[in-house]
Amino acid sequence: MDLDDRKIKILYAVIRNYLETGEPVGSRTISKYTDLNLSSATIRNEMSDLEELGYIIQPHTSAGRIPTDKAYRFYVDTIMEEKDREISELKGMIVETEGKMDRVLKNVAKLLATNTNYASVVSAPQYQRNKLKFIQLSKVDSNQILAVIVVEGNVIKNNIIQVTEPLNDETILKLNILLNTNLNGLSIDEINLAMISTLKQQAGIHSDIVGEVIDAVAEAIRADEDLQIYTSGTNNILKYPELADHQKAGELITAFEEKEMLAKLAAKSIEDESDTGIQVYIGEESPIQSMKDCSVVTATYDLGQGMKGSIAVVGPKRMDYEKVVGTLRTMMTELENIYGKDKA
């Protein structure tokens, strides 16, 4: 007798439940762990067939069933085949959708959640520690000047600055020279208060313009409000009893809904990047307060020229770390191969 889809799902449910609890598994328990919507009686019949086929055994007359070595072998082989197929599909999907990174990252988040049975977070790549390339001030009319700010990666921001009196070409030229001489090549962290104060003094009556330009530079370099975050599998968290507590679950779901919190997680992951690109935060190590009862495993993908993004999996502390790390490393490598520094 071959295993049909129903038997396979029931067998998987028995194995996974037994791995989680170490206790024999009954039909009523299985009815809660599958999406088959079957009665306990029907599940008992299917489990009886699985027992005849040698996949499960009943250790005691009144007990539920536990998996046999044959069941574990089937489970492991099938999972390995599925993982290989998923990774192959991911590679194909990335190639087919090259240039449509938002779609790729959404699919990466979904695949991660499905593959690990945890929650996933993927941030779009952004330039890290951007430095200012140059500033160009030009007159729009008697009351406005245009500040064109270019940072690494050729990210361009245009800002209109209001002026109280017209500026002649010579004044604008002097301001351009002042700003570019002192600020070009600097990151926002390197533009300190002392430097800003000196620039304003040198600008004299035009100190307000210098202040507005520096604010615009900071906004162009940071640009946090443009960070794209993709999530999947949030409801997977509720499958684990230690995270299903009403308050804990509510806080976790809120964290996944709050872009600011997830952006903080992505930034921390990139900041803590190790030689392998993988970071593991366990319990209290998590940068997000509402994830203190979880483990968070992150991978930083590097597309070159300072452009980096983060991939994360969030789950219980008893997560399958080996599987999660392996899956994240594969995702990270594939993104770098397609979009990264070796890409012409």
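Looking at segment 267-325, none of the strands (runs of 3 or more DSSP E) lying wholly inside it contains 2 or more residues that are over 19 Å from Ala255 (Cα atoms) and among the charged types (D, E, K, R). Among the candidates Ile15, Ile66, Ile79, Ile43, the residue that is part of a helix (DSSP H, G or I) and either farther than 17 Å from Asn115 by Cα or at pLDDT 90 or above (or both) is uniquely Ile43.
Residues in segment 269-285 that are over 15 Å from the mean Cα position of the chain (by Cα) and modelled with pLDDT under 80: Ser274, Asp275, Thr276.
With respect to Leu173, is the statement that it is closer than 19 Å to Gln201 by Cα, surrounded by 17 or more Cβ atoms within 10 Å (Cβ to Cβ) and either of a type in the set (Lys, Arg) or assigned by TED's automatic domain parsing to the domain that holds Gln201 (or both) true?
For Leu173, the condition - closer than 19 Å to Gln201 by Cα, surrounded by 17 or more Cβ atoms within 10 Å (Cβ to Cβ) and either of a type in the set (Lys, Arg) or assigned by TED's automatic domain parsing to the domain that holds Gln201 (or both) - is not met.
Scanning segment 164-203 for residues that are out of contact with any strand residue (DSSP E or B) (no Cβ under 6 Å at 6 or more places or on another chain) and within 15 Å of Lys139 (Cβ to Cβ) yields Thr164, Glu165, Pro166, Leu167, Asn168, Asp169, Glu170, Thr171, Leu173, Lys174. In the set (1) assigned to a helix (DSSP H, G or I); (2) buried (at least 19 other Cβ atoms within 10 Å of the Cβ); (3) of a type in the set (Val, Ile, Thr), the condition left unmet by Thr254 is number (2).
Within segment 190-233, restricting attention to residues that are assigned to a helix (DSSP H, G or I) and in contact with a Ser or Thr (Cβ under 9 Å, 6 or more places away or on another chain), the residue that is modelled with the lowest pLDDT is Ile221.
The values are calculated or read from the model by the stated rules, or taken from the named source; none is laboratory data. Because the structure is a prediction, the values reported are computed rather than measured. In this analysis, Cβ positions are derived from the backbone assuming ideal geometry, glycine residues included, and neighbour counts consider all displayed protein chains.
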